[in-house]
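A short write-up of the structure that comes next.
Throughout, read-outs are computed from the coordinates displayed, never taken from laboratory work. Just so it is clear, the model here is predicted, and its values are computed rather than measured. Backbone-built Cβ (ideal geometry, glycine too); neighbour counts: all protein chains shown.
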Amino acid sequence: MQFYSILFDKTNRAKELLPSLDFYRDLNLDQIIDATVSYKKEYDFKKFFYTPLDDIQTITYRQEIIKDLQNDEFYLRVDEFCQEMLRIKEYQKLVEEPDYDIYKNSWFFQMALAYIRALNTFYESLESANLHSDGLILFRDYFKTYLKSEGFKSLQNDMESLKEQLDSIMYDITILGLTFKVKRYENEEDYSLETKEVFKKFEQNDTSEIKSQFEKNRGINHVNAKILEFVSKLYPKVFSTLREFCDKYIDFVDETFQTFAWEVEFYISYLSYISETKERFCFPHMSSENKSIEVMGGFDLALAYSLVFEKKRVVTNDYILEKQERIMIVSGANQGGKSTFSRAFGQINYLASLGLPVPASEAKLFLVDRVFTHFEREEHIGNLHSKLQEDLVRIHKILEEATPKSLVILNEIFSSTSLKDAIFLSKNIMDRIVELDLLCVWVTFIDELSKINEKTVSMVSLIDIDHIENRTYKIIKKESDGLAYAKSIAKKYHLSSEQILQRIEK
């Protein structure tokens, strides 16, 4: 039975992006990816983060899978199955390593035993789970067909017969100095039972981690190998059956289940990551036609995760682009959350294109084909371009590659030139953005850009007028006039009208 990716829908043809692209770093997506992957270091699923989807159907397909995984009990069963599949991989490595044949056969037997038990146990969970997603229902159907196949039934029956034979093996080891003898068990006193009873009081309830570490580091030395060789000579028929079993089922592991474990851990790790923030997430409603945007309670996921360790909650923001509106011009006080706001918007759109829950309480989004960013870079001595030239080169490249379905995020560009030149250059760039009908978030100190045409919307970062050293980090739809910030600066230096009048009166 040939298997293709069920959890990631084989019909999608999205192009994998390069992890070195600027926008991953600009939007702190690199932090999100690294933190997510850290939950399951055994699995290398970074590539999934670098492959945004290009159709609504596949995004919805993934969203439904994640909704099924949000059932806590089912989530745990899936994760346990994945760990068992990881254990199978470890067994495979041991079997493939150059070693004593008899010992390799014993590892093969343990692998087959773990495989059969894992499949039977997990299928019970799949059967009892109330699944709604096409992906997991398809996987359950595949699973059911596989368990009923003649190949698996034969494997299971032969395994049960072989296990009975191996369980019947009993032998004695007599140690004399540096030598030992191995013979069949003849009803001598069994000291192993007495030893277990003595050490029973040291047993712990949860030994799973200890067992896992023991199995990973367990190997064989020449003494163990020799003992096993002697035992095989005492029970040649059983070990002959073991060898025949290994030869018959040499490729018994169905890669379907390994693939499933690899792919589903991508979802599980992301769910583990976002659960740490204690914030609200949602599955956005996506459109490939309507460019209207509505986000309630949006926030910077990377920032929210870092604030967990400081026991702080992240500030959320609401914003809407409707009808002909396409461009948010974000202005206001320095350190007022403007860059964080732009990052949050970029993160939400990119994570949505992966089919993942996004950092917001509600969201209606347009499916963008690419996210382009321009954040300030530190100047390098080895770069022969001026800061202004570097900005222009980067922006020109963005506008050359962008399509009407792209999202562009510009953060404090042209700060190295005069206000007059910055306005002139910005208006030219704005003309091109409007011409392409791009979605755009533009953090800038140039208020005039928010009033160019009906496609622009002014968003202003608020400050606490009474306590100007404090920032609210709230960004609201508001006409940008610079007055609120001017008042705060005047008050900071005791030059507000009230403060001047007070001094005159004195």
*Hey, if you put +1 on the Cβ of every Lys and Arg and -1 on every Asp and Glu Cβ in the range 279-505, which of Ala304, Asn453, Gln389 ends up farthest toward the positive end of that dipole?*
Ala304
*First check a/c for the range 279-505, with a ≥ b ≥ c the square roots of the eigenvalues of its C-alpha gyration tensor; if it is under 1.5, answer rounded, and if not, answer prolate when a/b is larger than b/c or oblate otherwise.*
oblate
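Relative contact order of the chain: what whole-number percent is it, with Cα pairs under 8 angstrom and at least 6 residues apart?
On the way: 656 pairs, mean separation 85.6, N = 506.
Value for the chain: 17 percent.
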*What shape does the chain have by the C-alpha gyration tensor, where a ≥ b ≥ c are the square roots of the eigenvalues, rounded means a/c under 1.5, and otherwise prolate means a/b greater than b/c and oblate the rest?*
prolate
*asked:* Rounded, prolate or oblate, given the Cα gyration tensor of the range 312-366, with a/c below 1.5 counting as rounded?
replied: oblate
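Using the Cβ atoms and a cut-off under 13 Å, what net charge is assigned to the surroundings of Leu271, where Lys and Arg are +1 and Asp and Glu are -1? Don't skip to the end; give the middle numbers.
Values: positive: Lys40, Arg62, Lys67; negative: Asp68, Asp72, Asp79, Glu265, Glu276.
Taking every other residue near Leu271 into account, the sum is -2.
Of Lys364/Lys405; Lys153/Lys183; Lys364/Lys474; Lys41/Lys153, which sit over 26 Å apart, Cα to Cα?
On the way: Lys364/Lys405 15 Å; Lys153/Lys183 35 Å; Lys364/Lys474 20 Å; Lys41/Lys153 34 Å.
Beyond 26 Å between Cα atoms: Lys153/Lys183; Lys41/Lys153.
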_Per-residue ³J(HN,Hα) for the range 344-355, Karplus 6.51 cos²θ - 1.76 cosθ + 1.60, θ = phi - 60°, Hz, x for Gly and Pro_ = 4, 4, x, 4, 4, 5, 6, 4, 4, 6, 8, x
*For helix 208-217, report the angle its Cα long axis makes with the longest principal axis of the Cα atoms of the chain; keep it between 0 and 90° and round to the nearest 10°.*
70 degrees
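Filter the trypsin sites (Lys or Arg not before Pro) in the range 124-169 to those in DSSP coil with at most 13 other Cβ atoms within 10 Å of their Cβ, and list the result. Kindly include the intermediate steps, with their values, before the conclusion.
Numbers: sites: Arg140, Lys144, Lys148, Lys153, Lys163; in loops: Lys148.
Within the range 124-169, the qualifying trypsin sites (Lys or Arg not before Pro) (loop, at most 13 other Cβ atoms within 10 Å) are Lys148.
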*Report the local net charge at Ser406: Lys and Arg +1, Asp and Glu -1, summed over other residues whose C-beta lies under 9 Å from its C-beta.*
0
*Counting other C-beta atoms within 10 Å, which of Glu279, Glu244 has the fewest, and how do the rest follow?*
Glu244, Glu279
_Could you work out the pair-distance distribution P(r) of the range 78-204 from its alpha-carbon pairs, with 10 angstrom bin width and percents rounded to whole numbers?_
9, 25, 30, 22, 10, 4, 0
*Using DSSP, restrict attention to beta bridges with both residues in the chain and report what percent are antiparallel, rounded to the nearest 5.*
45 percent
*asked:* Given the DSSP H assignment, sum -39500 (n - 2.57) over each helix run of at least 4 residues in the chain and divide by its residue total; what's the result at 222 nm in deg cm²/dmol, nearest 500?
replied: -16500 deg cm²/dmol
*asked:* In the chain, once you exclude exposed chymotrypsin sites (Phe, Trp or Tyr not before Pro) (DSSP loop, at most 10 other Cβ within 10 angstrom), what's the longest stretch remaining?
replied: 5-308
*Cα-based helix-to-principal-axis angle, 72-96 vs the chain, degrees rounded to 10*: 60 degrees
*Ranked list, fewest to most other Cβ atoms within 10 Å of each Cβ, for Thr36, Thr195*: Thr195, Thr36
_Between helix 255-275 and the chain: long-axis angle, C-alpha atoms, 0 to 90°, nearest 10_ = 40 degrees
_Quick check: Cα centre of the range 81-117 to Cα centre of the range 259-332, how many Å?_
41 Å
